[in-house]
Amino acid sequence: MNNKCVPNIISTKDLDFLQDIYNWNYGAYKNTINMLNNICDEKINKHINKCSKEFYNTMNEILDILKDGKANE
C-alpha cells in the first residue's frame, strides 16, 4: 500500500523549535507592550504597536500549529 499522505505529527525537534520561537516572540511581545506607555513619540509608538501585533500573531500561529497540527491558511 503506497500512502502519500503525510501523518499529522510534530517531531520532538520541531516541537523544540516551535517552543523557542514562541518564547522569543512572547518575550518580544511583553517588552513591546511594556514599552508603549513610556514612549511619547507618536510615530515610534505606532511602530512599536505594530511590532507587538506581529509578535502576538506569530504566537497565535504557533498555537494553531500545535492545536491543529498545521497552520491556518
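The values are calculated or read from the model by the stated rules, or taken from the named source; none is laboratory data. What you are looking at is a predicted structure, and each value in this text was computed from that prediction instead of being measured. Please note: Cβ atoms are built from the backbone with ideal geometry, for glycine as well, and neighbour counts cover all protein chains shown. Heavy atoms of the whole protein, side chains included, go into the accessibility calculation; ligands, DNA and RNA do not. Shrake-Rupley method; radii C 1.70, N 1.55, O 1.52, S 1.80 Å.
General remarks:
- Scanning region 42-61 for residues that are farther than 19 Å from TYR22 by Cα and either open to solvent by less than 100 Å² (accessible area, probe 1.4 Å) or within 8 Å of the chain's Cα centre (by Cα) (or both) gives ILE44, ASN45.
- Region 23-47: number of residues that are assigned to a helix (DSSP H, G or I) and either among the polar types (S, T, N, Q) or over 19 Å from ILE62 (Cα atoms) (or both): 14
- Which numbered condition ILE39 misses (of (1) modelled with pLDDT under 95; (2) in contact with a helix residue (DSSP H, G or I) (Cβ under 6 Å, 6 or more places away or on another chain); (3) closer than 17 Å to ILE21 by Cα): (3)
- Qualifying position, being in a helix (DSSP H, G or I), at pLDDT below 95 and either loosely packed, with under 13 Cβ neighbours inside 10 Å or within 10 Å of the chain's Cα centre (by Cα) (or both), among ASP20, ASP14: ASP14
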